[in-house]
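The values are calculated or read from the model by the stated rules, or taken from the named source; none is laboratory data. Quick caveat: nothing in here was measured; it's all calculated off a predicted structure. Here Cβ is always computed from backbone atoms with ideal geometry, including for glycine, and neighbour counts include all displayed protein chains. These accessible areas exclude ligands, DNA and RNA; they are computed on the full protein's heavy atoms, side chains included. Shrake-Rupley method; radii C 1.70, N 1.55, O 1.52, S 1.80 Å.
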Amino acid sequence: MKRIVVLGGGESGAGAAVLAQKKGFDVFLSDMSEIKPRYKEWLNKYDIRFEEGRHTEELILNADEVIKSPGIPDKAPMVVKIREKGIPIISEIEFAGRYTNAYTVCITGSNGKTTTTSLIYHMMQKAGLNVGLAGNIGNSFAYQVAECSYDYYVIELSSFQLDGIYSFKPDIAILLNITPDHLDRYDYKMQNYVESKFRITRNLSEDDCFIFCSDDAVTVEQLKKIVLRAQQLPFSQKTKENQTAWLENLDMFINYDNSDFSMSINDLSLKGKHNIYNSMAAGIAGHVLNIRKEVIRESLSDFQGVEHRLEYILTVRGVKYINDSKATNVNSAWYALESMTTPVVWIAGGTDKGNDYSELMDLVKQKVKALICLGVDNSKLHAAFDGVVPVIVDAKSAEEAVQHAYRISVPGDTVLLSPACASFDLFENYEDRGRKFKAAVRAL
């Protein structure tokens, strides 16, 4: 019997273990940390052997194949040992893809993934399709393949998930943009990260579609270097020439298969330049899926947005509070600042991923009246913005940050949590950071 070892007992790993067990493999799961009660329940229910708080070499290095959770870096000692033994390492996405014939729409990009994935899922549900939401969002792909029978999946894919795919193939692949992110995992080489994102295209055939932003210079440059058999469906806000979706004045147009679709950007539920790109990508996907124009239009105008992504919380004393905790890189924070129309009290900071803040400088000078640094080590933020922003203070908790913001702000200002950093120094994850921020605002 083939032995499968799963490294990591979170959503992805526990889901992969359940699927492997149901397919009759000899399964063992190992996690260096404690496994959450929810996932232990899954493992116990399916009688899957597991360990937590350690990796026992003799129980791992006898695997025929290892499924590695995306959060575990390739440099982790156990991963190095597995590779030295020549044992294949794959991702949960690769493994689950072997056991489903469902139609897959896969979305990657440095920014906008969750919003675009959720928007396409909303559209497909509205169209009455039997669809699951998976990947970086929703239940793990593997768990759903094991437990549900969907005809379609919309899957958000991070670069870490893409690193472990070899034969998995989307039917529609969407690449929104590529900006520096997670460079700490890619030897601080941008090209390594670019190639990782482009793994979404590696198995596409003539029948598949590749939807991409032709305003993104990094994407366009990489496309020149590779041979792609899939149908290419570009979108742009700068040009109409050879585009599947484009902007003219205040109208968004989509022309797929002579569809001749248009709608005013004022009718889009998601505001801001970056969200026009997300809506274009979703609109093209809707056309490829043969969803009726009325349903596409309705979906783009009534979608509710994503928690922790430019999420309006409350107005207190004439000051708006916005939670953009999902902005874990500089480019995400750039989009958030770019969409602000009032003076900003900006809360930023956390675990730095090799950030270069210079690209924010013009926006910060124009819009930010005060910066609250929320992190254990704020030295890089200070180095970048001391002398640029009139008021800079430090905070060690969401409550402290909100109290500072309350004191500094005046009616008409916006307090924006858009950290540009990961959250692991003070919080469990970006959701934990966002929820603590929202709780602190509601307690004002």
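Summary table below
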item: HIS404 being open to solvent by 10 Å² or more (accessible area, probe 1.4 Å) and in contact with a strand residue (DSSP E or B) (Cβ under 6 Å, 6 or more places away or on another chain); result: yes
item: Every residue from the stretch 257-299 that is at pLDDT below 95, assigned to a loop (DSSP other than H, G, I, E, B) and surrounded by fewer than 23 Cβ atoms within 10 Å (Cβ to Cβ); result: ASP257, ASN258, SER259, ASP260, LEU268, SER269, LYS271, GLY272
item: Filter result (open to solvent by 30 Å² or more (accessible area, probe 1.4 Å) and either within 17 Å of ARG292 (Cα to Cα) or out of contact with any Phe, Trp or Tyr (no Cβ under 9 Å at 6 or more places or on another chain) (or both)) within the stretch 235-256; result: GLU241, ASN242, GLU248, ASN249, LEU250, ASP251, PHE253, ASN255, TYR256
item: Residue match in the stretch 90-104 (condition: without any contact (Cβ under 8 Å) to a residue 24 or more places away in the chain, more than 17 Å from ARG202 (Cβ to Cβ) and small (Gly, Ala, Ser)); result: no
item: Selection within the stretch 3-39 - of a type in the set (Gly, Ala, Ser) and open to solvent by 10 Å² or more (accessible area, probe 1.4 Å); result: GLY10, SER12, GLY24, SER33
item: Yes/no for VAL415 being modelled with pLDDT of 95 or more, under 16 Å from TRP346 (Cβ atoms), β-branched (Val, Ile, Thr) and open to solvent by less than 10 Å² (accessible area, probe 1.4 Å); result: yes
item: In the stretch 334-359, the residues that are open to solvent by 20 Å² or more (accessible area, probe 1.4 Å), touching a helix residue (DSSP H, G or I) at 6+ places or on another chain (Cβ under 7 Å) and of a type in the set (Ser, Thr, Tyr); result: TYR335
item: ILE87 being among the β-branched types (Val, Ile, Thr) and open to solvent by less than 30 Å² (accessible area, probe 1.4 Å); result: yes
item: Check on ASP362, open to solvent by 40 Å² or more (accessible area, probe 1.4 Å), farther than 19 Å from GLY434 by Cα, within 27 Å of the chain's Cα centre (by Cα) and not polar (S, T, N, Q); result: yes
item: Residues being touching an Asp or Glu at 6+ places or on another chain (Cβ under 7 Å) and in contact (Cβ under 8 Å) with a residue 40 or more places away in the chain - total across the stretch 210-232; result: 1
item: Boolean, VAL105 is touching a Pro at 6+ places or on another chain (Cβ under 9 Å) and either surrounded by 24 or more Cβ atoms within 10 Å (Cβ to Cβ) or in a helix (DSSP H, G or I) (or both); result: yes
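Residue-by-condition table, conditions (1) outside any strand (DSSP E or B); (2) under 25 Å from the mean Cα position of the chain (by Cα); (3) modelled with pLDDT of 95 or more:
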| site | (1), (2), (3) |
| --- | --- |
| ALA20 | yes, no, yes |
| GLY24 | yes, no, yes |
| PHE28 | no, no, yes |
| TYR39 | yes, yes, yes |
| ASN44 | yes, no, yes |
| ASP47 | yes, no, yes |
